[in-house]
Amino acid sequence: MKKATLIIAIILVLILIGGIITGMVLKATQKIENPVATIKFQGYDQEVVVELYPEYAENTVVNFIALANNGFYNGLKIHRVEESLIQGGDKNGDGTGSPKLSAIDKSIEVDSEKDKEYAIPGEFINNGHKENTLRFERGIIGMARSEWTQYAANLEKQSNNSAGSQFFILTETLSSLNGEYAAFGKVISGMETVDAISKVETAVDENKNEETGEITKTETTRPATDVIIESITIDTKGIEYGMPETNELFDFTSWYIDKYYGSSMLTENK
């Protein structure tokens with residue numbers, strides 16, 4: 001009787017081990033499809049389709065999905081065009097804006113006390129995220145961020161963790177960005193549209209000197225005619241990505257005023 005019980009126990013253990021091994025093999029060999037973003041631009045027939053890579057920058061992808069599927073990007077402008085890239089995703093339309101928490105969390109009332117501007121941790125090598133080995137080549141999509149170290153070297157951490165909603169797509173390789181910005185996907189179709197947008201005519205600003213009447217012209221990287229993101233939709237392939245990790249956006253304006261003009265001016269401006 002004891003021998004039979006032992007044999008049964010051994011068989012059950014072998015079945016259990018076999019199930020675990022089978023599960024591990026399936027997990028290792030079964031391909032999980034990456035999410036795919038479809039970007040439509042007003043006036044452009046061909047959509048831009050981007051495969052997102054959570055295996056390199058998971059939180060960045062989660063943030064992009066949350067913003068896109070909540071309609072944040074719909075109607076926003078591409079505010080910067082160069083031969084090497086196009087950039088958009090700023091609610092202000094000029095590169096100065098950051099998203100608020102209500103843009104990713106519908107439970108937060110718009111403009112309420114809880115609706116703070118936010119940023120996400122920078123998932124790139126020089127910010128300690130060694131997993132992101134994506135190289136910035138043609139077709140790569142990356143997160144734009146602020147660079148405040150020109151004002152103070154000790155603002156590196158704040159700069160590295162300042163991305164929010166603005167993204168750029170490269171039309172050519174920019175190796176200088178490797179390890180410095182979070183790459184999180186690549187265009188798999190529609191690069192013709194990206195190329196076309198990167199070549200649109202840019203605006204020229206005119207400034208008049210009130211004393212001399214002289215007018216100076218300054219070329220910009222802003223499209224002369226607005227390029228509008230009609231929509232960005234994400235096919236998550238049935239996977240629920242949840243909410244991104246966020247951090248409070250660094251208040252650079254207050255820091256700058258305090259550093260160069262003193263904290264008294266901050267009090268006066270409140």
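The values are calculated or read from the model by the stated rules, or taken from the named source; none is laboratory data. All figures in this text were calculated on a predicted structure; none of them were measured in a lab. Every residue, glycine among them, receives a Cβ derived from its backbone with ideal geometry; neighbour counts consider all protein chains shown. Protein only, heavy atoms only, side chains kept; ligands, DNA and RNA dropped before computing areas. Shrake-Rupley method; radii C 1.70, N 1.55, O 1.52, S 1.80 Å.
Taking 98, 107, 165 in turn, the Gaussian network model of the chain (Cα-Cα springs below 10 Å) assigns the largest fluctuation to 107. Net length available on complete extension from residue 212 to residue 237 is 2.8 nm, with 0.36 nm assigned per residue and the Cα-Cα distance removed. Normalising by the residue count of the chain, find the relative contact order in percent from Cα pairs under 8 Å and 6+ residues apart. Taking the mean separation of contacting Cα pairs over the length of the chain, I get 27 percent. For region 34-74, backbone nitrogen atoms closer than 16 Å to the point 7 Å from residue 245 Cα along Cα-to-C-beta are found at 54-64. Taken about its Cα centre, the chain carries a charge dipole of roughly 1640 debye when the Cβ of each Lys and Arg holds +1 and the Cβ of each Asp and Glu holds -1. Relative to the longest principal axis of the Cα atoms of the chain, helix 54-69 runs at roughly 60 degrees.
Potential lengthening of the chain between residue 188 and residue 84 amounts to 35.7 nm, from the contour at 0.36 nm per residue minus the alpha-carbon distance.
Taking a ≥ b ≥ c as the square roots of the Cα gyration tensor eigenvalues, region 79-233 comes out rounded, since a/c falls below 1.5.
Separation of the alpha carbons by more than 20 angstrom is noted for no pair of 186/237; 77/100; 40/199.
Taking each DSSP H run with n ≥ 4 as -39500 (n - 2.57) and averaging over every residue of the chain yields -8500 deg cm²/dmol at 222 nm.
Considering only 38, 233, 218, the mean-square fluctuation computed in a Gaussian network model of the chain, springs between alpha carbons under 10 angstrom, is largest for 218.
Between 65, 229, 32, the residue with the greatest mean-square fluctuation in the GNM of the chain (Cα pairs under 10 Å linked by springs) is 32. FRET efficiency for the pair residue 70 and residue 259, taken as 1/(1 + (r/R0)^6) with r the Cβ-Cβ distance and R0 = 35 Å, rounds to 0.45. Per residue, the chain exposes 59 Å² of solvent-accessible protein surface, assessed with a 1.4 angstrom probe and all protein chains in place.
Surface composition of region 124-184: carbon plus sulfur atoms hold 44% of the accessible area, using a 1.4 angstrom probe and ignoring ligands, DNA and RNA.
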